[in-house]
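The values are calculated or read from the model by the stated rules, or taken from the named source; none is laboratory data. The structure displayed is predicted, hence computed values, not measured ones. Here the Cβ positions follow ideal geometry from the backbone for every residue, glycine too, while neighbour counts run over all protein chains shown. Surface areas here come from the heavy atoms of the whole protein model, side chains and all, with no ligands, DNA or RNA. Shrake-Rupley method; radii C 1.70, N 1.55, O 1.52, S 1.80 Å.
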Amino acid sequence: MKITLRIWRQAGKDAPGRLVSYQRDDVSPDMSFLEMLDVLNEDLIAKGEEPVEFDSDCREGICGMCGLVINGEPHGPQVTTTCQLHMRSFEGCDSITIEPLRADAFPVLRDLVVDRSPLDRIIQAGGYVSVNTGSAPEAHSQLVPKVHADRAFDAAVCIGCGACAAACPNASAMLFLGAKVTHLGELPQGQPERDARVVNMLNQHDEEGFGGCTNVGACATACPKEIPLDVISQLNKDLRHSLVKGL
Amino acid sequence: MTDRTAGLFVEGEPIHDTKAPAGPIETRWSRRKFEAKLVNPANRRKLSVIVVGTGLAGASASATLGEAGYVVKSFCYQDSPRRAHSIAAQGGINAAKNYKEDGDSVFRLFYDTVKGGDYRARESNVFRLAEVSTNIIDQCVAQGVPFAREYGGLLDNRSFGGVQVSRTFYARGQTGQQLLIGAYQALQRQVAAGSVEVFTRHEMLELVIVEGRARGIIVRDMVSGEIETHLADAVVLATGGYGNVFFLSTNAMGCNVTATWRAHRKGALFANPCFTQIHPTCIPVSGEHQSKLTLMSESLRNDGRIWVPKDPADRDKDPRQIPEEARDYYLERIYPSFGNLVPRDIASRAAKYQCDEGKGVGPGGLGVYLDFADVIARLGVDTVKARYGNLFDMYARITGENPYETPMRIYPAVHYTMGGLWVDYDLQSTIPGLFVAGEANFSDHGANRLGASALMQGLADGYFVLPNTIRDYLAAGPFPTVAQDAPEVVEARSAVQTRIEGFLSSNGSRTVDSFHRELGHIMWEYCGMERSEEGLLEAISRIRALRKEFQDDVRVLGANEQVNASLEKAGRVADLIDLGELMCIDALQRRESCGGHFRVESQTEDGEALRHDDEYAYVSAWQYSGEDGPPVLRKEPLVYEFVEMKQRSYK
Ligand SMILES: Cc1cc2nc3c(=O)[nH]c(=O)nc-3n(C[C@H](O)[C@H](O)[C@H](O)COP(=O)(O)OP(=O)(O)OC[C@H]3O[C@@H](n4cnc5c(N)ncnc54)[C@H](O)[C@@H]3O)c2cc1C
Ligand code: SF4
Ligand code: FES
């Protein structure tokens, strides 16, 4: 395959960035998207040019480390992570534009690498159950109906990649937030802190510079783990509950 | 030692674990916990611990130590602690809950694990692992880990990795992810509470030892390039495994040996480095561009049938056109009683043999078929989809082939490393104050690891073992304050700086990845599934040549003061090269087939693995003796008081 890549290059956090074109003539359809970039980097280094920096780790679609905006879409054209895309899905496509995940809360560190630490701070604000090691009751002391366990699981598969915020015109991370609120809210273990959790996490979300949700739904389209939009409805419901209680 | 291995290593004093109490195995752990000194809660605030790694072992240890009131600093190289490689574990986690009333017990889990490790693990450690396994499940459930449940609301279990009881807890195919998120959330709760400080995108590059004690680490801020010193009363390494020495493995791209290797160079013994696990069901390599391999859950072997064409000439044919009689279902043929469900190492090796005979399929002839046609005909596509749908989808995405229609292709890949830093029963290395947890230590899996037991060990170490044993050490603290300009600190920091400058100024012609790939080829060829004296000697001389070439000819562009993946990789690959050599030396001295590895010189008449308990029932713990000195082999004899050693037989 022959492809022209247009890749965002930016030397550092405060440096100006621009798209740079690279012509590739030997792309194999069996390469993963990131392997295609690996090969580009090998060639750049051979020529004495600095390689393109991008993040990835597991390359199995589970760690959430990768995340590129490909032709305008976070994680590209398929419902999966960037690392699980393969070049065969770009057959017939002669140019690909690659940019970092963009959101005000995610500053670019270099080239395609961004800072997503705001997502960790949102979890710190309440995305947990307060139970110290050793103080847990016997696992079977509380039954959890399968439907609740399954719904909790469906929300818990969020990989914290931040694509939802990058896809959203308001740069809102509400899908990420809703996923955590729903995961813990579906389980008996999450009940005692449920009201405070949603309020504190939401405050942190806003403080980090993420925007509000206006029900565009671009987040759920971009989400590689198919987190359903209804986790945001759940979040709003939980929020109303806690506001009624005056939290 | 044969003449040809002379000079490659020397034998030193044996070593012993002095911390595990003797006597009845059932009470050893409670007795050790009782004997271990306590630290008064008010003093804990004055004691600091550095934990490197945020996988299951590191995150759980940091959270627990933070809850107890110690001052904790936690480090990882990813941009968030939640991304540690534990996240990728699929299958499940064992625990001796006996919820199914199928005869499971702590003793049985202990027994299975010792046997699974092919009698090369310590009984005391393994018993403790089995004992605390039940607490892990309680803890994780309380944190909100959404394990699979039955309709009645109880936790579901399945049988895994060929054991006869159902003791594996799971969260669909994403158990590692859910367990890690539980530990990560517990960690973030401590960050919010102010007891743990997390440093992401920070890579440990050196250990600081002052007056014989581990007192800190030197790290590089992977964004700014700043070289920082962090000091504490104790250091815990929970930095995972070194499978990436093979370049292609199921490990994440960043997995490395640097933290433990740097500690090894400073005096920590490295145990059983050659014990690695090879998983039979991975998606084969598709070309030279391949950067990593993807594991397909072992459960596929429950229903899939493995075969190759009988005639190498059929290799490139459409498999569906190859008639039954022209196929060799070799596992079913050679191992009629276990068939496709033989243990991982046997399945892996058998696939290699078929490919060596030229019958391998797919690119490069490195693959065998895993065929679901029979089960689809028997149970229908829908049932198969319900069982394996997500795995089939993943396979289709990666290979572009539809496994419902054409057989999958699989090939073995490195998956786990049983070796690691030597630790005593307290998880303390031979450097006082340096503790090692999770896959980074060597302690519990012997020569082979049972499925679903690495997650168990990581969380056992981090939640329950280490927090109890480290207090015995910390009770003597706080230790005298170390100044940032103490000679030991300055020396460690400048060693790191010199090394980085060396990479950046070497101006060679080859990329770091090209060296890594070459190292991987050598290791896979000679120190992989099958080893021989001949091959290992060849590997050692090639690795030495590679090291020399790396030093002279590596090319790392850019500067230290920026995000620079090549620079990060250069340090990791340099350490992996050194480790690779030690692995080959370790494999060389162990002239027996045992656990996950096969020595050609040690086989039964019909070609099966032959262990030699009379000569090799020991842990090989290696001591570093400088860049030029041969490593020193220190043997820890293994004694079996509760489990009788038996040869495996699967025929
Ligand atoms: C694909 C796959 C599937 C698996 N499935 C199963 C399964 O079903 N059941 C099972 O029991 N086991 C399974 N395993 C094995 C198991 O997942 C691992 O052994 C275990 O998770 C290791 O945990 P850990 O905490 O020791 O290390 P890791 O999770 O690897 O964490 C290592 C940590 O150390 C940090 N680190 C490393 N080096 C440095 C450094 N120099 N400086 C700073 N930080 C550093 C990393 O950032 C990371 O945070 C699987 C493994 C793989 C690869
Ligand atoms: S909700 Fe989806 S897109 Fe957003 S962080 Fe989670 S996995 Fe990524
Ligand atoms: S690299 Fe882990 S999800 Fe893509």
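Side notes on the structure shown:
- Test: residue in the range B:176-183 that is modelled with pLDDT under 95 and surrounded by 20 or more Cβ atoms within 10 Å (Cβ to Cβ): no
- Members of the range A:215-247 that are open to solvent by 90 Å² or more (accessible area, probe 1.4 Å) and away from ligand 2 (no atom under 15 Å from the Cβ): A:215, A:237, A:240, A:241, A:243, A:244, A:245, A:247
- Complete set of residues in the range B:529-549 that are among the basic types (Lys, Arg) and farther than 17 Å from residue B:275 by Cβ: B:542, B:544, B:547, B:548
- For the residues B:51, B:10, the requirement of being assigned to a strand (DSSP E or B) and open to solvent by 20 Å² or more (accessible area, probe 1.4 Å) singles out B:10.
- Annotation: of all residues in the range A:31-76 being within 14 Å of ligand 2 (Cβ to nearest atom) and more than 9 Å from chain B (Cβ to nearest Cβ), the one that is surrounded by the fewest Cβ atoms within 10 Å (Cβ to Cβ) is A:73.
- Residue check for residue B:413: assigned to a strand (DSSP E or B) and either hydrophobic (A, V, I, L, M, F, W, C) or outside the structural domain of residue B:590 (by TED's automatic domain parsing) (or both): yes
- Meets criteria (away from ligand 1 (no atom under 16 Å from the Cβ), over 23 Å from residue B:244 (Cβ atoms) and touching a strand residue (DSSP E or B) at 6+ places or on another chain (Cβ under 7 Å)) for residue A:54: no
- Condition met for residue B:211 (acidic (Asp, Glu), open to solvent by 10 Å² or more (accessible area, probe 1.4 Å) and in contact with an Asp or Glu (Cβ under 8 Å, 6 or more places away or on another chain)): no
- You will find that of B:262, B:333, the residue that is at pLDDT 95 or above, part of a helix (DSSP H, G or I) and open to solvent by 20 Å² or more (accessible area, probe 1.4 Å) is B:333 and no other.
- Qualifying residue in the range B:363-380 (condition: under 20 Å from residue B:251 (Cα atoms) and among the small types (Gly, Ala, Ser)): yes
- Qualifying residue in the range A:173-195 (condition: part of a loop (DSSP other than H, G, I, E, B), within 16 Å of ligand 1 (Cβ to nearest atom) and within 7 Å of chain B (Cβ to nearest Cβ)): no
- Residue, surrounded by the fewest Cβ atoms within 10 Å (Cβ to Cβ), within the range B:153-162, restricted to residues that are at the interface with chain A (Cβ under 8 Å from one of its Cβ atoms) and in contact with a Lys or Arg (Cβ under 8 Å, 6 or more places away or on another chain): B:153
- Residue in the range A:153-172 that is more than 14 Å from ligand 2 (Cβ to nearest atom), at the interface with chain B (Cβ under 9 Å from one of its Cβ atoms) and open to solvent by 10 Å² or more (accessible area, probe 1.4 Å) present: no
- Qualifying residue in the range B:84-94 (condition: open to solvent by 40 Å² or more (accessible area, probe 1.4 Å) and away from ligand 2 (no atom under 16 Å from the Cβ)): yes
- Considering the range A:175-208, and only residues there that are open to solvent by 20 Å² or more (accessible area, probe 1.4 Å) and aliphatic (A, V, I, L, M), the residue that is farthest from the chain's Cα centre (by Cα) turns out to be A:196.
- If you check B:462, B:433, B:446 for being within 16 Å of the chain's Cα centre (by Cα), surrounded by 24 or more Cβ atoms within 10 Å (Cβ to Cβ) and on the phi > 0 side of the Ramachandran plot, only one passes: B:446.
- Looking only at residues in the range B:80-96 that are more than 9 Å from chain A (Cβ to nearest Cβ) and not in a loop (DSSP other than H, G, I, E, B), the one that is farthest from residue B:147 (Cα to Cα) is B:86.
- Sole residue being within 26 Å of residue A:116 (Cα to Cα), within 13 Å of another protein chain (Cβ to nearest Cβ) and open to solvent by 30 Å² or more (accessible area, probe 1.4 Å), chosen from B:99, B:77: B:77
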